[in-house]
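Report on one structure; see the data block that follows.
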Amino acid sequence: DLLTPDPEKVHDILAEPIIVVNLSEHGFDKIQKLPRFIKKEGNRIPAADFFGQRDAKKYAIEFKTIRMENNPKPQEGKPIGNAFIPSWWRTMFRNNIITKIEDKDRRVLSQLDNTQKHMGCDYKMLALYNRRMGPSTLMDLRAYEEELTFIKGRYEEIDYIFFKDYFGQVVVYPPFSFVGRVS
């Protein structure tokens, strides 16, 4: 993947180990990077990116990076975003997640389904790393939770969304219960 001329690709690749560390900080262990495909009866079936366990429950985890805006550097005296659209940053955030899920005929969902079915997972999780400056700068925990509630309601087949923004804030929706843990 690093041989591509795409300058953002390095961030996609480096984000994976960072998300694995964040998952570990939230009680996950036995996290494994999965091959791109599961071999089943001579067929190659697209798989999720990771498999992990938390409180003896197995998770299929698909990871996606929401890339930085094309030109995020503000110019003096020039507005960022569209001030005529209320909460444009939230709309951007929501649309970016929907695009990631809907892209390639909802491939994310089939990868999670395949991994859950063939690896005996209890849950399906979408892990997102948002590199967009607008939402990361202008959204707080409550705004993230509201938007992730909307996404979870639209895509009920996703059990959990694990999200990290540009500045390192992590949000899990719905929140994990910490049974037997000190938080």
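The values are calculated or read from the model by the stated rules, or taken from the named source; none is laboratory data. These numbers come from a predicted model, not from an experiment. Methodologically, a virtual Cβ is constructed for each residue, glycine included, from the backbone with ideal geometry; neighbour enumeration extends over all protein chains shown. What goes into the accessible areas is simple: the full protein's heavy atoms, side chains included, and nothing from ligands, DNA or RNA. Shrake-Rupley method; radii C 1.70, N 1.55, O 1.52, S 1.80 Å.
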Between a first residue in the stretch 132-147 that is in contact (Cβ under 8 Å) with a residue 60 or more places away in the chain and a second residue that is polar (S, T, N, Q), which pairs have beta carbons less than 9 Å apart while being 6 or more apart in sequence or on different chains? ARG132/ASN96
Of all residues being within 18 Å of GLU102 (Cβ to Cβ) and open to solvent by less than 50 Å² (accessible area, probe 1.4 Å) in the stretch 130-158, which is farthest from the chain's Cα centre (by Cα)? Just the residue, please. GLY153
Condition (residue is touching a Lys or Arg at 6+ places or on another chain (Cβ under 9 Å), modelled with pLDDT under 90 and not small (Gly, Ala, Ser)) applied to the stretch 72-83: is it met by at least one residue? yes
Looking at the structure I just gave you, is GLU16 touching a residue at least 40 places away in the same chain (Cβ under 8 Å) and not in a loop (DSSP other than H, G, I, E, B)? yes
Could you list, in sequence order, the residues of the stretch 96-125 that are in contact with a Lys or Arg (Cβ under 7 Å, 6 or more places away or on another chain), farther than 13 Å from PRO46 by Cα and either assigned to a helix (DSSP H, G or I) or open to solvent by less than 20 Å² (accessible area, probe 1.4 Å) (or both)? ASN96, LYS100, CYS121
Residues (in a strand (DSSP E or B) and either over 21 Å from PRO175 (Cα atoms) or open to solvent by 70 Å² or more (accessible area, probe 1.4 Å) (or both)) located in the stretch 19-35: ASP29, LYS30, GLN32, LYS33
